[in-house]
Amino acid sequence: MAGGSSRSLTYYDFMGVGTDYSTTIENPPTERENLWPIKRELTALEIRDDAFYMEKEAFQAYVLPLMPRAIRDKLAKGLVVEIAAKDERCVFYVMKLFTYEGYYVLTSYRSQSQTFIRSRELVAGQSIWLRWINGYMELKVLG
């Protein structure tokens, strides 16, 4: 932040079963930035793989602290976690989240009849916004 000032923001986990913890983020994003902290354009690789590749630094700064401790612990161990995702049309998906070569990867199960990228017929260059809210990953397609 400008002028060397520092802010902190504390999130409390009220969705976790039997958990009582908080996470403090130093120099959190502004409220407007925090609404959709991951903004990116789809690549040809993501279209081919039916997956989102999110840079580790941004994901760890803006999404991971909001996730339940159980999910964070599994990801830290290199495990694949199953999460719920919802798009702007209120369609829910069961997706896998894992780390791979400096990225957090979010992908649909291949066996699902409705995967996020293919069911929406998305193309390279389209903008996608992502955020973790209310216990699931929310996805928004722009344009």
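Read the figures in this text as sums done on the coordinates, not as results from a lab. These figures come from a predicted structure and were not determined experimentally. When we count neighbours, we look across all protein chains shown, and the Cβ atoms used for this are built from the backbone with ideal geometry, even at glycine.
With a simple spin-label model that places each label point 7 Å from the Cα along the Cα-to-Cβ direction, the separation between C90 and I133 comes to 1.4 nm. Using alpha carbons only, the radius of gyration of the stretch 83-143 set against its Kirkwood radius gives Rg/Rh = 0.94.
Between A124 and R69, the contour length at 0.36 nm per residue exceeds the Cα-Cα span by 16.5 nm. Here are some pairs, K56/K77; K74/K140; K56/K86; which of them have Cα atoms lying more than 19 Å apart in this structure? Long pairs (Cα-Cα over 19 Å): K74/K140; K56/K86. Taking a ≥ b ≥ c as the square roots of the Cα gyration tensor eigenvalues, with a/c under 1.5 meaning rounded and otherwise prolate when a/b beats b/c, else oblate, which class fits the stretch 37-143? Rounded is the answer for the stretch 37-143, as its axis ratio a/c remains below 1.5.
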